[in-house]
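Working notes, structure below.
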Amino acid sequence: MSGACLPERYAKDCHAVECPIGIRKWNEMNTTIQKIHAREILDSRGNPTVEVDILLNDGTRARAAVPTGASTGIHEAVELRDRDPKRFGGKGVLTAVANVNTIIAPALIGLDASEQELIDRMMIRFDGTSNKARLGANAILGVSMAVARATASSRHMPLYEYLSDDHQYLLPVPMMNVLNGGVHAQWQGADFQEYMIAPFGAPDFRTALQWGAETYHALQEILKKKNYPTAIGDEGGFAPKVVSNEEPLELITRAIEHAGYRPGTDIGISLDPASSGFCHDGRYELKREGKTLLPAELTAYYRRLVDTYPIISIEDGLAEDDWAGWKLLTKELGTRIELIGDDIFVTSPELVKRGISEKAANSVLIKLNQIGTVTETIATIDLAKSAGWGVNVSHRSGETIDSFISDFTVATSAGKLKTGATCRGERVEKYNQLMRIEEELGSRAVYAGRKAFVR
Ligand code: PGA
Ligand code: ZN
């Protein structure tokens with residue numbers, strides 16, 4: 001066997017051994033993988049998820065944890081769950097953990113962790129399915145992220161620097177989900193899942209976060225005065241039983257003003273209706289308002305909202321398989337605001353390619369666990385950028401304290417990161433990591449601001 005999959009440059013320096021699938025392994029580099037170990041941990045909703053530890057030859061240890069969604073797209077890569085009703089209501093991830101420990105780890109031990117793309121492609125090959133159904137995207141992604149973090153750490157580099165190919169660092173506009181509805185509020189409040197504030201007018205990330213946190217607290221006061229409960233949903237936003245899907249927009253606009261900022265100039269609003277969740281047989285059911293709308297009617301509804309409120313983007317305005325509806329929405333509103341595809345594209349390069357050629361959106365949501373490897377996620381971002389599309393990196397509603405996405409967003413110059421309200425440790429940690437990165441970069445840090453939004 002030739003080991004032709006590995007770059008020639010290593011061939012002379014290393015003592016190679018053959019591995020069963022014909023790829024050479026390297027035993028004497030600092031970044032050679034010595035050990036990989038996965039375990040089951042809990043996410044922010046108390047459901048199991050996968051955490052992966054890795055040890056390199058030079059003693060470097062690194063760890064990564066995989067997030068999990070609740071309003072998942074049907075075309076996402078498979079998150080492997082045990083379906084054993086006796087454990088965690090079937091949500092255990094011991095099978096995915098065993099896949100890391102008994103299939104992925106033995107095959108990767110001895111390989112160079114700095115060969116991110118090679119390692120990701122090998123895992124895709126071991127899996128052998130088109131949607132990572134055999135090993136699980138949760139198993140594969142945990143390893144993929146841990147490998148990146150370990151290499152960065154072995155090279156004494158911050159993760160954002162290691163992941164960047166051009167060393168241009170863009171601090172994202174924080175897309176802060178201050179009011180939760182839909183499935184994230186157990187369908188007790190608004191039909192729309194997320195109402196986000198985007199402080200794009202701030203001079204830097206730290207100030208943007210401050211403006212967002214102040215607006216969040218102003219909203220809390222407004223809700224209290226209205227006798228709405230200020231209990232929070234899965235992503236840290238308030239989850240009141242509002243009277244309509246429009247009411248949160250009024251409340252948030254007022255909150256921006258109460259906090260001392262100008263709606264639409266300093267802070268914009270972004271919506272994620274997550275409409276696949278209320279689409280049945282091609283019709284959109286707004287329970288809060290007792291209405292059932294066709295795609296064209298829902299588009300008109302959005303148009304009125306965009307005319308009335310400082311809305312800068314709408315994510316998943318239409319459902320994951322409603323391509324005709326998406327094209328209409330893009331035709332109607334695509335020159336005014338960013339139209340972000342989450343469930344429709346599921347971070348897949350093939351689906352984004354189709355979206356670009358059919359003009360079905362002008363922006364993409366990026367979730368590492370929708371596709372399952374760091375390499376494929378970067379490819380989707382590159383593709384979207386090459387078409388002039390907007391890029392929005394995102395957390396999942398089930399999170400851990402892992403802040404990989406903060407470094408990843410800066411490294412890829414995505415320009416926007418949505419990771420919940422300034423509330424709940426697992427959300428705030430991502431924002432805090434961005435403040436650390438901004439501080440470390442000093443004058444090299446550029447805040448994305450309004451330019452990050454496609455219009
Ligand atoms: P999820 O939702 O993480 O619960 O799937 C987030 C989103 O729809 O953007
Ligand atoms: Zn979404």
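The values are calculated or read from the model by the stated rules, or taken from the named source; none is laboratory data. On a predicted model such as this, the values are computed, not experimentally measured, just so you know. Note: ideal-geometry Cβ built from the backbone for every residue, glycine included; neighbour counts use all protein chains shown.
Figures for the structure shown
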| quantity | calculated |
| --- | --- |
| Residue under evaluation Arg424, criteria (1) more than 14 Å from ligand 1 (Cβ to nearest atom); (2) surrounded by fewer than 24 Cβ atoms within 10 Å (Cβ to Cβ), criterion not met | (1) |
| Some residue of the stretch 110-121 being assigned by TED's automatic domain parsing to the domain that holds Asp53 and closer than 30 Å to Ala185 by Cβ | no |
| Qualifying residue in the stretch 354-362 (condition: in the same structural domain as Gln210 (by TED's automatic domain parsing), within 16 Å of ligand 1 (Cβ to nearest atom) and crowded, with 24+ Cβ neighbours inside 10 Å) | yes |
| Leu179 vs. criteria over 20 Å from Gly290 (Cα atoms) and either of a type in the set (Gly, Ala, Ser) or more than 16 Å from ligand 1 (Cβ to nearest atom) (or both) | no |
| Residue in the stretch 187-202 that is surrounded by fewer than 24 Cβ atoms within 10 Å (Cβ to Cβ), touching a residue at least 24 places away in the same chain (Cβ under 8 Å) and part of a helix (DSSP H, G or I) present | no |
| Test: residue in the stretch 219-233 that is within 16 Å of ligand 1 (Cβ to nearest atom) and surrounded by 22 or more Cβ atoms within 10 Å (Cβ to Cβ) | yes |
| Filter result for Asp82 (crowded, with 17+ Cβ neighbours inside 10 Å, touching a Gly at 6+ places or on another chain (Cβ under 6 Å) and of a type in the set (D, E, K, R)) | yes |
| Within the stretch 326-346, tally of residues that are within 12 Å of ligand 2 (Cβ to nearest atom) and touching a helix residue (DSSP H, G or I) at 6+ places or on another chain (Cβ under 7 Å) | 5 |
| Test: residue in the stretch 264-286 that is over 30 Å from Lys451 (Cα atoms), at pLDDT 95 or above and part of a helix (DSSP H, G or I) | yes |
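A quick yes/no check of all residues on (1) in contact with a helix residue (DSSP H, G or I) (Cβ under 8 Å, 6 or more places away or on another chain); (2) at pLDDT 95 or above; (3) farther than 15 Å from Ile256 by Cβ:
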{"residue": "Pro199", "(1), (2), (3)": "yes, yes, no"}
{"residue": "Ala202", "(1), (2), (3)": "yes, yes, no"}
{"residue": "Gly212", "(1), (2), (3)": "no, yes, no"}
{"residue": "Gln220", "(1), (2), (3)": "no, yes, no"}
{"residue": "Lys225", "(1), (2), (3)": "no, yes, yes"}
{"residue": "Tyr228", "(1), (2), (3)": "no, yes, yes"}
{"residue": "Ile232", "(1), (2), (3)": "no, no, yes"}
{"residue": "Gly236", "(1), (2), (3)": "yes, yes, yes"}
